[in-house]
Structure formats: structure tokens, C-alpha cells
Amino acid sequence: MTTGRERGEIAEVGGPTLLPPAPLDARAPGWWTGVTVVVAAACLALFNAQAMEGWLDEMAPGPLNAPLRAPVAAWVARTHPLDAPHAGLRRWWQRARAARFGAEQPGQQGAAAG
């Protein structure tokens, strides 16, 4: 970089090879983002359907979410075999938690704290 003494500006100096800039494709960023969102949504719908059911269970029953309960339950039942990795990780976590905390419940004093 060099500075312009006359106006106090900073001027960019090019690299060792002067190549013309690549032309920008105006639709590429939107296309890439759209594909990413669709792939992420499909993966979540297939491999994390139980989260949708849990989300609906946490919501207060109402006219907007009541019609979604049956289709979501059917989708969870249909994608249940795909939940094996999540179920295995959850079982592992529950065993580790039981080994660390035993029967202690949230908000209780642990044996080490007493």
C-alpha cells in the first residue's frame, strides 16, 4: 500500500500478477443460500423429527397448532428408524449423567456439596 501525499488517501497496490477480476454472477449467492436452506431443512425433517413433536408439545393448544399434531405424529412414526444415532447418543448421555449425578435431581444439593 502506498499513501497519496497530495490528498492523504490510501491507494491499493495490485498483486504480483495483474489479473482481471472474475465476473460476478448475480444469481449465485441467492441460489447457494436457497440450496443450503433446503438441504438443512430436509436433514432436520428426516433426522430430527422428534424435535418438531417436542416443539408442538411445549406450545399451548390452539387453533393454529392443533391441526399439525396428527401429521407431525405420523411423520415422527415414519422417520423413527432414522432416529437411531440420536437415540444412541441420548442413551450414552443418560448413562454418563447417572454415573456422575446418581439420583440427584436439579436443584438438590449433591453428596459432595453437603
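Quick notes
- Residues (among the aromatic types (Phe, Trp, Tyr) and either more than 15 Å from residue 52 (Cα to Cα) or without any contact (Cβ under 8 Å) to a residue 24 or more places away in the chain (or both)) located in the range 72-114: 92, 93, 101
- Selected residue (criterion: least open to solvent (accessible area, probe 1.4 Å)) from residues of the range 43-71 that are closer than 16 Å to residue 86 by Cβ and without any contact (Cβ under 8 Å) to a residue 12 or more places away in the chain: 54
- Scanning the range 27-38 for residues that are among the β-branched types (Val, Ile, Thr) and open to solvent by 80 Å² or more (accessible area, probe 1.4 Å), we see that the one that is nearest to residue 75 (Cα to Cα) is 38.
The values are calculated or read from the model by the stated rules, or taken from the named source; none is laboratory data. Nothing here was measured: the structure is a model prediction, and the numbers come from that model. No Cβ is skipped: glycine too gets one built from the backbone with ideal geometry, and neighbour counts run over all protein chains shown. All accessible areas refer to the heavy atoms of the entire protein, side chains included, with ligands and DNA or RNA removed. Shrake-Rupley method; radii C 1.70, N 1.55, O 1.52, S 1.80 Å.
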